[in-house]
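Undergrad: Sharing a structure, written as structure tokens. Questions coming.
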Amino acid sequence: MGESVWLQIATMAGVTYAIRFIPLVLLRRELRNPYLRAFLHYVPYATLTAMTIPSAVLSAPHLLSGVIGLAVAGGCAFKGISLLPTAAAASFAVGIVEYFF
């Protein structure tokens, strides 16, 4: 069993290294294509959103409270409220919904 774990760790290390190393080798000069530049600019935001939204919604005991908490957090973030009050407001909203649900 121990060899399998080390093989998995080595494989993931190789994949992680390749993801970072290959673009450095292949893209030595500045990208001039505006579409490719825009795509690469927005990939981190799209990836973060795709990972965060399901976790935020599904972390609450009920789907409705998760959606309302996410909506409250989104509204607070849209208004420019900092992270701690935004998280507190979302948690409070989830708690209120769960209390009545």
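The values are calculated or read from the model by the stated rules, or taken from the named source; none is laboratory data. Not measured: the values here are computed from a predicted model. All Cβ positions, even for glycine, are placed from backbone atoms using ideal geometry, and neighbour counts span all protein chains on display. Each accessible area value is taken on the protein alone, full model and side chains, heavy atoms only, with ligands, DNA and RNA left out. Shrake-Rupley method; radii C 1.70, N 1.55, O 1.52, S 1.80 Å.
Undergrad: Please give the per residue accessible area of the chain, computed with a probe of 1.4 Å over protein heavy atoms only, in Å².
TA: On the way: 8530 Å² over 101 residues.
For the chain, the per-residue accessible area is 84 Å².
Undergrad: When ranked by the protection proxy of mean other Cβ atoms within 10 Å per residue, highest first, what sequence do the peptides 4-12, 80-88, 54-62 form?
TA: Packing order, densest peptide first, comes out as 54-62, 80-88, 4-12.
Undergrad: Between residue 31 and residue 48, what is the label-point separation in nm under the 7 Å Cα-to-beta-carbon projection?
TA: 1.7
Undergrad: May I pose another question? Calculate the dipole size of the chain relative to its Cα centre from +1 charges on Lys and Arg beta carbons and -1 charges on Asp and Glu beta carbons; express the result in debye to the nearest 20.
TA: In debye, rounded to 20, the chain gives about 580.
Undergrad: For Rg and Dmax of the Cα atoms in Å, one of (i) 20.3, 58; (ii) 12.3, 33; (iii) 16.5, 55 was computed from the structure I shared and the rest are decoys. Which label?
TA: The calculated read-out lines up with (i).
Undergrad: Hey, any idea what % of the chain's accessible area is carbon plus sulfur with a 1.4 Å probe?
TA: C and S fraction of accessible area: 73 percent.
Undergrad: Can you compute 3J(HN,Hα) from phi for each residue in segment 22-36, using the Karplus curve 6.51 cos²θ - 1.76 cosθ + 1.60 with θ = phi - 60°, rounded to whole Hz and x for Gly and Pro?
TA: Going residue by residue, I get 4, x, 5, 7, 7, 10, 7, 10, 5, 6, 9, 6, x, 5, 5 Hz, with x marking Gly and Pro.
Undergrad: Which ³J(HN,Hα) values, rounded to whole Hz and listed in residue order, are derived for segment 85-101 from phi using the Karplus coefficients 6.51, -1.76 and 1.60 in 6.51 cos²θ - 1.76 cosθ + 1.60 with θ = phi - 60°, glycine and proline given as x?
TA: x, 5, 5, 5, 5, 5, 5, 4, 4, 4, x, 5, 5, 5, 5, 8, 8
Undergrad: Right, here's the next one. Between residue 81 and residues 5 or more places away or on another chain, which pairs have amide H atoms under 5 Å apart, with H built 1.01 Å from N, and which residues are they?
TA: HN-HN under 5 Å from residue 81: empty list.
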